[in-house]
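These notes are about the structure you will find just below.
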Amino acid sequence: MENFYIFGAKYLIYFIVFIALVVVIQLVERNRKKGLKEIAIVLISIIVMIIINKIIEHLLPSERPFIVQNFKPLIPHSANPSFPSDHASWAALLSSFIFEHQKKLGLLILILATFVGAARIFVGVHYVSDVLAGFIIGPSCFYLVKTYGPKVIRNLG
């Protein structure tokens, strides 16, 4: 059972990224201009998410569970701050993007993203609050950029 959680904590995020790339390719094949716009939205969303996570990490530093409770986690991990979870942020942002374009697939990926977060808690590298924060930050960045990004770009030109 531990191997199941280790897989979810370490490797499942790569599958989610792969599925997001497949969706992007399909969007570009269907409508090049719209597909390229969606690529820009998701890339800007990721950049915004990374910046927000780094700011929060510095403003609210939080030691990882394995540091605080003095145990060896099931996966190797550095002792950098745990709040918010980057894995949860990425997984939730990408599942939001996928959901925007393919509802059923997006729901499946959201379930997998939830497992990524749960697995990161189980293996001892995150607290529940770290993962919940990631699940708020990731989709928020995506929907804010999707909603306001094009308006900001139009106003700049």
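Each value in this text was obtained by applying a stated rule to the coordinates, not by laboratory testing. These numbers were taken from a predicted model, which means no experiment stands behind them. Positions of Cβ are generated from backbone atoms using ideal geometry, with glycine treated the same way; all protein chains shown enter the neighbour counts.
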Output ordering of 130-137, 91-98, 53-60 (per-residue mean of other Cβ within 10 Å, highest first) is 91-98, 130-137, 53-60
Considering Cα pairs under 8 angstrom that are at least six residues apart, work out the relative contact order of region 2-150 and quote it in whole percent. 34
Over all directions, how big on average is the projection of the convex hull of the alpha-carbon atoms in the chain, in square nanometres? 9.9
Tilt relative to the chain, helix 12-30 - C-alpha long axis, 0 to 90 degrees, to 10: 0
Tilt relative to the chain, helix 128-156 - C-alpha long axis, 0 to 90 degrees, to 10: 20
Based on the mean of other Cβ atoms within 10 Å per residue, sort peptides 39-51, 113-125 so the most packed one is first. 113-125, 39-51
Please list, in order, the residues from region 120-156 whose amide nitrogen is less than 20 Å from a point placed 7 Å along the Cα→Cβ vector of Lys33. 146-156
Using θ = phi - 60° and the Karplus curve 6.51 cos²θ - 1.76 cosθ + 1.60, what whole-Hz ³J(HN,Hα) does each residue of region 90-103 get, with Gly and Pro shown as x? 4, 4, 6, 4, 5, 5, 5, 4, 5, 4, 4, 10, 9, 4
All lysines inside 22 Å of Lys104 as judged from Cα atoms, apart from same-chain residues fewer than 8 positions distant: Lys34, Lys146
Protection proxy ranking of 7-18, 69-80 - average other beta-carbon atoms within 10 Å, highest first: 7-18, 69-80
Between Rg and the Kirkwood Rh of region 76-148, both from Cα atoms, what is the Rg to Rh ratio? 1.02
Per residue of the chain, what 222 nm ellipticity follows from adding -39500 (n - 2.57) for every DSSP H run with n ≥ 4, rounded to the nearest 500? -27000 deg cm²/dmol
Among all the lysines, which ones have a C-alpha under 19 Å from Lys10's C-alpha, if same-chain residues fewer than 8 places away are not counted? Lys72
